[in-house]
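Inspection log for the structure reproduced underneath, given as structure tokens.
Derivation of every value follows stated rules applied to the coordinates shown; laboratory data play no part. Nothing here was measured: the structure is a model prediction, and the numbers come from that model. Cβ: placed from backbone, ideal geometry, glycine included. Neighbour counts: every protein chain shown.
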Amino acid sequence: MITTNRVLSLIQPTGDMHVGNYFGAVANYVRLQETHECIFGVVDLHAMTMPFDPAVLRANTRQMFIDLIAAGLNPDKCTLIIQSLIPEHTELCWIFNCLTPIGDLGRMTQFKDKSDQVEGEGGAFISAGLFDYPVLQAADILIYRADQVPVGKDQVQHLELSREIARRFNYSFGEYFPEPAPLLTEAAKVMSLADPEKKMSKSLGDKHTVGLFEEESSIRKKVKTAVTDSGALPEGVTVSPGVANMLTILKSCNKNDVAESLLNDYKAGTLRYVNLKEAVADALVELTSSMRARRAELMKDPARIDKIITQGTAAARQISRETISEVRKLTGLPERAN
Ligand code: TYM
């Protein structure tokens, strides 16, 4: 089997990055850039699969790019990209489309959830782009022949499909692609604050998420109103989902000892939720205040951001052009002068 040890992961420009994105995936990006060849960035083309406004897409794409740097990515240590600037992603996507059975796409839970959402909102149609979303994701990864993909648990099914596509390509045209595997953090699924049985997600609404760059007062307010106790627990469950989520967040902020001691209080029946919430709010504020400051600095220097985008695009295209040229040869397409 082919291995490359190259890491790739991308994020949608959905407005502000939330702590679910950070603890589930981005914190891992920050660690991996120290030890691996890494490519990270923003998927503006994926954001077009749901109804969108051009001005909002433009602004959110740039904001998420800046947020990745503010969250700790260093453009000297990793390659940072905006998906649509590298046309080889969509070129490879087409070739992969022709290798993917539509039945596989219909089984994707994210497709089912998002198409329910579109239908629920009324009027809009479910686009072919939404159906095809995971094939573009496979192309995002394999255009760089990356084999390690730091993501949250919700993306595991998409990665299974990416592996399937790589296998099908290799079987049909010769061994060329590695089979990408997910890299999960301990907090692979951060739950909503207001409804801890659901995954934290921007689409649930503002009270469900904590933005990584939110003001201190707002972080404290949201954590204070988080749901901790949700009544009787099912058989075999010893910690309520809300409390478990708070403890996961604490551990992700490197507060293992505090989490341990609060868990002991919980088991002994002596935990005061107000103490748990205060510990979580303190940990989040401590973690995020320097990121907030860094983001404000970055926003003041648009020329620097433009330069990082140009550099990242050039570095990424060196790899993507090489891959597409090889793929064209393997699949019988004519050679193209790049
Ligand atoms: P997206 O933009 O929804 O989320 C970005 C990353 O954050 C993770 N994540 C979470 N992790 C833990 N708990 C949560 N509540 C939570 N919410 C989000 C996601 O798992 C993801 O890692 N399809 C992808 C974007 C994508 C991609 C790719 C990822 C496009 N091409 C290629 C990897 C490789 C997505 O929508 O992520």
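Overview of values
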{"item": "Cα-based reach from LYS307 at 14 Å (exclusive), listing aspartates and glutamates while leaving out same-chain residues under 8 positions away", "result": "ASP76"}
{"item": "ASN74 versus GLU175: modelled label distance in nm, points set 7 Å from Cα along the beta carbon direction", "result": "3.6 nm"}
{"item": "Net length gained if the chain between THR90 and ASN5 were fully extended (0.36 nm per residue, minus Cα distance)", "result": "28.3 nm"}
{"item": "Local electrostatic count, GLU164, Cβ distance below 13 Å [Lys/Arg +1, Asp/Glu -1]", "result": "+1"}
{"item": "The chain - Debye-derived log10 I(q)/I(0), Cα point model, q = 0.09, 0.12 Å⁻¹", "result": "-0.52, -0.90"}
{"item": "Efficiency of FRET between ILE102 and MET299 - r from beta-carbon atoms, R0 51 angstrom, step 0.05", "result": "0.75"}
{"item": "Over segment 1-78: Kirkwood hydrodynamic radius from C-alpha pairwise inverse distances, Å", "result": "13.3 Å"}
{"item": "Candidate aspartates and glutamates for bridging to LYS202, where Cα separation is under 20 Å - those fewer than 8 sequence places away on the same chain excluded", "result": "ASP16, ASP44, ASP53, ASP67, ASP113, ASP116, GLU119, GLU121, ASP154, GLU214, GLU215, GLU216"}
{"item": "Computed log₁₀ I(q)/I(0) - Debye formula, equal Cα scatterers, no solvent, segment 202-296, q 0.18 Å⁻¹", "result": "-0.85"}
{"item": "Sorted peptide list for 102-109, 13-20, criterion being average Cβ within 10 angstrom, highest first", "result": "13-20, 102-109"}
{"item": "Fraction of antiparallel bridges per DSSP, the chain only, in percent to nearest 5", "result": "10 percent"}
{"item": "Cut-off 18 Å, label 7 Å out along Cα→Cβ of GLU34, residues of segment 135-174 by amide N", "result": "150"}
{"item": "The chain - Cys residues lacking any other Cys C-beta under 4.7 Å", "result": "CYS93, CYS98, CYS253"}
{"item": "Label zone at VAL56, where the point sits 7 Å out along the Cα-to-Cβ direction: segment 1-25 residues whose backbone N lies under 19 Å", "result": "11-18"}
{"item": "Cα-Cα over 20 Å, subset of LYS114/LYS153; LYS198/LYS267; LYS77/LYS189", "result": "LYS198/LYS267; LYS77/LYS189"}
{"item": "Segment LYS267-LYS189, length gained on full extension (0.36 nm per residue, minus Cα span)", "result": "25.8 nm"}
{"item": "FRET efficiency, 1/(1 + (r/R0)^6) with R0 51 Å, evaluated for ARG336 and GLU260 via beta carbons", "result": "0.30"}
